[in-house]
Amino acid sequence: MPDTGPRGDRTADASFREADHAGIARLTEELLPALIAKLGTTHLGELEVREGDWHVRLRRPFGTAPGEGRRASDKASRSQPGHEGHGHGRAAPEGHRAARGSGGASGVTAGTGAASASTNGTGADEPPVGRSRAVATSPAVGIFQPGSRAASGTRVRAGDSLGTVNVLGVPQDVLAPVDGIVGSTLVEAGMAVEYGQDLIRIELATPTEARS
Amino acid sequence: MFRRILIANRGEIALRILRACRTLGVEAVVTYSEADRDSLPVQLADEAICIGPADARRSYLSAPAVISAALVTGCDAVHPGYGFLSEDETFAEVVRAHDLTFIGPPPEVLDRFASKEGTRRLLGAFGLPTIPGSDGMLRDDEHALAEADRIGYPVLIKPSAGGGGKGMRMVRTSRELESAIKICRSEAKSAFGDDSLYLEKWLDDNRHVEVQVAVDRYGAGIHLGERDCSVQRRHQKILEESPTPALSDGARATLAETAVRAVVAAGYENIGTLEFLVDSDGNAFFIEINCRIQVEHPVTEMLTGIDLVGLQIAIAAGEPLGLRQSDIAFNGHAIEFRINAEDPAHDFRPGAGVIERYHAPGGPGIRMDSHVYPGYEVPPYYDSLLGKLIVWAPDREAAIARGRAALEELLVDGVTTNIEIHRALLENDAFLEGRMTTNLLDRVGGAAFLAAAAAR
């Protein structure tokens with residue numbers, strides 16, 4: 001008998017979900033704007049607040065433009081055995097998640113335990129407040145090939161194919177996450193990419209567009 | 001030997017394989033799902049690559065994602081660990097089609113041993129005593145009833161694919177059989193995508209003993225002794241030890257020798273485990289073979305000093321075994337405790353959450369294989385194994401004493417664990433006297449078992 005295996009995703013019961021949603025709403029509407037303002041007035045790199053089951057951590061993006069997540073260089077640095085592996089290894093992947101989870105100006109992670117998954121899910125569907133830029137990410141592990149609509153300046157709609165990632169000969173579409181204008185492509189054609197890797201920037205026409 | 005191995009698994013076994021790679025001087029790339037981004041194997045690997053979302057079907061169970069990851073990271077072999085794709089002959093076939101090596105038996109060997117019912121007949125023909133069971137798969141209810149009558153109740157309904165207790169039911173009457181078979185079919189269908197079932201004679205008060213074998217590509221084979229896995233909960237092992245207290249030294253040696261002879265004759269290759277049920281008279285019956293590294297492999301490593309994962313990799317690379325049976329010495333006694341994030345007081349409900357404090361015990365004869373660290377968040381999507389505590393001592397009594405001390409020292413805060421069950425086991429008379437059977441816990445239930453230990 002297999003000693004281990006996958007277990008199905010757990011479905012939280014309705015009341016738990018409701019409480020969860022209320023928690024997320026309070027976070028995004030009340031707590032976050034206040035925290036972002038607070039962080040702006042300090043020279044702190046990071047700020048964390050705990051309340052009940054939730055904790056929110058804001059981190060100033062270091063040296064990268066807001067909205068950018070993982071880049072090819074991250075992987076290269078992780079390829080050095082012993083370099084980031086032991087002491088600082090933890091900071092690197094966490095940084096990725098922070099940046100990717102929000103895509104916004106502040107880099108926000110929120111959640112505890114099972115709740116974090118639903119928070120991330122929400123973040124992927126609706127661009128967070130204050131966002132002016134989005135990123136099309138890789139749908140799979142494979143070789144990236146930008147398409148004709150990946151040219152900088154092209155106006156695209158959410159769901160448009162911007163290119164493909166080739167998985168064992170089967171191309172999978174890289175989709176525009178939002179309506180907007182194609183910005184820079186972060187990965188060269190023919191390069192290997194991993195699942196969820198940032199590939200193509202999309203500039204939103206106006207910040208208000210992001211909220212709709 | 002390989003140059004670069006893709007580790008297509010997670011948790012403690014990904015870390016264990018990574019350690020074997022380091023020892024062999026082979027580079028290791030670890031695959032991970034989005035839920036495992038902060039995991040220890042990801043942090044320690046030479047390279048890590050995200051292959052999909054938390055849902056295992058789109059990450060750890062996705063053959064295209066795993067193989068694509070191996071190709072883009074320049075690996076020449078894939079280690080599947082246990083569970084997930086580890087015994088999937090189609091996956092092994094596709095791995096080979098992409099000029100990669102599957103670390104395990106070659107696809108045609110996996111295929112030959114894929115059906116549990118077929119394997120029982122195959123190894124039976126090569127001299128293994130096998131458990132009485134149905135003649136082939138159950139075609140319909142009528143066939144099932146006729147076969148159960150022929151075998152004699154109680155019988156165990158088992159799915160041909162997969163395991164882990166899913167789709168398995170023991171029944172004592174024809175009426176129970178008729179209702180249970182429907183449940184088993186639907187469980188097997190949803191868990192393994194295959195609803196074929198067969199029957200096995202059920203032995204009341206049985207013990208579970210398994211033999212570890214290693215066979216190279218050139219037909220040289222050895223056994224590495226046996227492990228007793230009788231302490232289970234609903235067909236899931238929770239504590240394993242070696243040597244088994246169920247058999248005499250002579251009977252243990254005979255069983256292991258018979259097992260390795262049969263698998264070599266049947267054309268098995270790489271490391272594997274043959275599982276047996278042992279009845280109250282000490283008769284052993286073969287039930288199934290596991291064509292992969294097992295969770296409980298450290299028990300054998302402690303007794304023999306052999307790195308089983310390293311051996312598995314070497315055999316897959318085509319190296320000769322380089323060991324004769326006479327080279328294998330068995331020293332002392334080892335016990336492994338599976339530390340799971342589950343709540344024994346609430347029907348072993350699995351838990352998830354952040355590990356707030358963690359301390360692994362140490363000292364002579366103590367080994368902890370775990371991917372847990374303080375601050376690690378246990379994701380809710382996968383199995384609940386947090387790690388394995390393995391203790392070794394010159395004899396069983398001393399090993400139990402070391403087990404007690406190590407379990408006392410082990411600290412896991414933040415999630416509920418089954419550590420209390422292990423402490424209770426080490427105070428249980430049946431266990432202490434080596435009389436435990438596979439129904440030790442299920443007969444009374446976890447909560448009652450804990451209460452009984454507390455009342456002592």
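Would you mind finding the one in B:A191, B:A259 that is touching a residue at least 60 places away in the same chain (Cβ under 8 Å), part of a helix (DSSP H, G or I) and not aromatic (F, W, Y)? Let's see the steps before the verdict.
Values: B:A191 fails: touching a residue at least 60 places away in the same chain (Cβ under 8 Å).
Being touching a residue at least 60 places away in the same chain (Cβ under 8 Å), part of a helix (DSSP H, G or I) and not aromatic (F, W, Y) holds for just one of B:A191, B:A259, which is B:A259.
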Test: residue in region B:113-127 that is in contact with a Pro (Cβ under 8 Å, 6 or more places away or on another chain), at pLDDT 90 or above, within 17 Å of B:E288 (Cβ to Cβ) and surrounded by 15 or more Cβ atoms within 10 Å (Cβ to Cβ): yes
Residue match in region B:307-320 (condition: closer than 28 Å to B:E12 by Cβ, among the small types (G, A, S) and either modelled with pLDDT under 95 or crowded, with 22+ Cβ neighbours inside 10 Å (or both)): yes
Selection count where residues are closer than 30 Å to B:Y382 by Cβ and out of contact with any helix residue (DSSP H, G or I) (no Cβ under 9 Å at 6 or more places or on another chain), scope region B:137-181: 3
Pick from region B:37-65, criterion assigned to a helix (DSSP H, G or I) and in contact with a His (Cβ under 9 Å, 6 or more places away or on another chain), ranking: farthest from the other protein chains (Cβ to nearest Cβ): B:P41
Number of the exception - A:V187 against (1) closer than 18 Å to B:S59 by Cα; (2) assigned to a loop (DSSP other than H, G, I, E, B): (1)
Among the candidates B:G318, B:G310, residue that is over 22 Å from the mean Cα position of the chain (by Cα) and either in the same structural domain as B:G387 (by TED's automatic domain parsing) or of a type in the set (D, E, K, R) (or both): B:G318
Test: residue in region B:6-14 that is surrounded by 24 or more Cβ atoms within 10 Å (Cβ to Cβ) and either more than 20 Å from the chain's Cα centre (by Cα) or more than 20 Å from B:Y382 (Cα to Cα) (or both): yes
Residue that is within 11 Å of chain A (Cβ to nearest Cβ), assigned to a loop (DSSP other than H, G, I, E, B) and surrounded by 24 or more Cβ atoms within 10 Å (Cβ to Cβ), where the choices are B:S68, B:S86: B:S86
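The values are calculated or read from the model by the stated rules, or taken from the named source; none is laboratory data. Everything numeric in this text was worked out from a predicted model, so none of it was measured. Every residue, glycine among them, receives a Cβ derived from its backbone with ideal geometry; neighbour counts consider all protein chains shown.
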